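No lab work stands behind these numbers, since they all come straight from the coordinates. What you see is a predicted model; the values in this text were computed from it and never measured. All Cβ positions, even for glycine, are placed from backbone atoms using ideal geometry, and neighbour counts span all protein chains on display.
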Amino acid sequence: MQNDPQPDNSPSDNNRSNNGAEQNNDPTPPTTTAKPAVTNPPTTTTPKPQITVPQTEPPEVVIEDTTNLQSVLNYVNSLGRSIDEYYNIGTGLSHDGSDYGKAEAVYNWILDNVSGNCQVFSVATMYACKGIGLECRYAFFSHDDWYGHMANLVNVGGAWYVFDTQGGRFFKSDKYGDITRIFDENDNTIELSVSESAY
């Protein structure tokens with residue numbers, strides 16, 4: 001009797017080929033996930049021209065009508081702080097209680113926080129002084145009135161001194177310059193004597 005090979009009755013694995021590799025019997029064609037290569041055109045960079053702008057001070061605003069105190073007050077109010085705010089700032093400044101201490105507190109605050117022309121400084125000084133409890137007046141120091149220099153006078157210990165916060169003159173005598181007009185916050189001309197010596 002011959003040895004006939006016995007047929008393999010095990011179920012066939014149709015997913016394997018004769019060499020044992022897996023085969024795909026799925027009727028749909030295989031999909032590829034590779035993306036096509038994208039080529040970007042070469043970029044060229046053109047340097048931007050360097051522009052140098054000279055740094056200058058901002059131009060000073062010109063007041064069109066400076067022929068009276070009310071026009072100056074309106075101008076100051078339009079700059080961001082009103083005269084009432086300067087008054088309130090004056091009420092809140094720290095000081096030692098003396099006229100000198102009050103004036104020093106106003107002077108330092110104005111120097112640190114106000115900018116503009118002499119009219120702006122003078123108005124801010126006037127209302128900060130009123131707020132802190134000091135007598136203060138406006139003064140012109142030229143015959144050009146509103147077009148000349150404007151500062152303040154302040155009463156300290158019963159004497160009046162030049163108080164020029166924009167010009168950096170703290171308690172100067174009348175020898176500072178020719179005072180051509182002294183007036184109050186209502187634009188009323190006032191006669192008073194300014195100390196002949198500095199404080």
Could you please report the charge total around ARG137, scoring K, R as +1 and D, E as -1 over all other residues with beta-carbon less than 12 angstrom from its beta-carbon?
-3
Pop a pseudo-label 7 angstrom from the Cα along the beta-carbon direction at both ASN68 and LEU111 and give the gap in nm to one decimal.
3.6 nm
What are the ³J(HN,Hα) couplings of region 151-158, residue after residue, when phi is run through the Karplus curve with 6.51, -1.76, 1.60 and θ = phi - 60°? Round to Hz, x for glycine and proline.
8, 10, 10, 10, 8, 10, x, x
Grab the eigenvalues of the alpha-carbon gyration tensor for region 73-196, scale each by 5, take roots, and send me the semi-axes largest first in whole angstrom.
20, 18, 12
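By average Cβ neighbour count within 10 Å, what is the ranking of 73-81, 91-99, 153-161, 120-128 from highest down? Please list the in-between numbers first.
Details: 73-81: 15.2, 91-99: 12.2, 153-161: 18.1, 120-128: 26.1.
Descending packing order for the listed peptides: 120-128, 153-161, 73-81, 91-99.
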